[in-house]
Amino acid sequence: QLQLVESGGGLVQPGGSLRLSCVVSGSFFTIAAMGWYRQAPGKQRELVADITSSGTTNYADSVKGRFIISRDNAQNTVYLQMNSLKPEDTAVYYCNAEVVVRIFAPPEDLWGQGTQVTVSS
């Protein structure tokens, strides 16, 4: 059974750092793009950053220069290093992965359960 398991959320003071991790487990052929989204209370889910299988990255303007997305293809894991955190970064962060279950099959869009990040003094 395919699943995405996130870890690394928590409470941090403004200006602090956190590192989120997300591992894809189960049986599959390959993983295409991976990414992180977030949803703050009363707001829509938004893209934070994503990364292709070859390492091309894309960031929301609000996190450029502060967050770094990376992936370890051998470990089926995507990371989000979050630096210089601000109170407005407070949200539930969700991992996303486009997983190709079998060769020639279209990718399936999978989501993690979410991890809470709270930035507060």
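The values are calculated or read from the model by the stated rules, or taken from the named source; none is laboratory data. Since we're looking at a predicted model, the values are computed, not measured. Ideal geometry is used to build each Cβ from the backbone, glycine not excepted, and the neighbour counts take in all protein chains shown. Surface areas here come from the heavy atoms of the whole protein model, side chains and all, with no ligands, DNA or RNA. Shrake-Rupley method; radii C 1.70, N 1.55, O 1.52, S 1.80 Å.
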Checklist line | Counted residues, region 1-19 - those being in contact with a Leu (Cβ under 8 Å, 6 or more places away or on another chain), within 14 Å of W111 (Cβ to Cβ) and either of a type in the set (A, V, I, L, M) or not in a strand (DSSP E or B) (or both) | finding: 2
Notebook entry, point to check: When residues of region 77-117 are filtered for being under 14 Å from the mean Cα position of the chain (by Cα) and of a type outside the set (D, E), how many remain?
Noted result: 21
Check: If the Cβ limit is 6 Å and pairs must be 6+ apart or interchain, which residue in region 73-90 that is β-branched (V, I, T) pairs with which residue that is assigned to a strand (DSSP E or B) and crowded, with 19+ Cβ neighbours inside 10 Å?
Finding: V78/C22; V78/M34; V78/R71; T90/V119
Check: Which of the residues that make up region 43-60 are under 17 Å from V119 (Cβ atoms) and assigned to a loop (DSSP other than H, G, I, E, B)?
Finding: K43, A60
Margin query: Quick check on my filter: what residues within region 89-121 are open to solvent by less than 30 Å² (accessible area, probe 1.4 Å) and outside any loop (DSSP other than H, G, I, E, B)?
Written below: D89, A91, Y93, C95, N96, A97, V99, V100, T115, V117, V119
Checklist line | First in region 13-26 and without any contact (Cβ under 8 Å) to a residue 40 or more places away in the chain, second anywhere and of a type in the set (S, T, N, Q) and open to solvent by 60 Å² or more (accessible area, probe 1.4 Å), Cβ under 9 Å, 6 or more apart | finding: G26/Q1; G26/Q3
Next item on the list: Report, by residue number, each residue of region 7-20 that is open to solvent by less than 30 Å² (accessible area, probe 1.4 Å) and over 14 Å from A91 (Cα atoms).
Entry: G16
Item checked: Filter result for the condition that a residue is open to solvent by less than 50 Å² (accessible area, probe 1.4 Å) and not in a strand (DSSP E or B), over V78, V63 -> V63
Check: Among the residues of region 40-50, is there at least one that is surrounded by fewer than 17 Cβ atoms within 10 Å (Cβ to Cβ), within 22 Å of S120 (Cβ to Cβ), at pLDDT 95 or above and in contact with a Ser or Thr (Cβ under 6 Å, 6 or more places away or on another chain)?
Finding: no
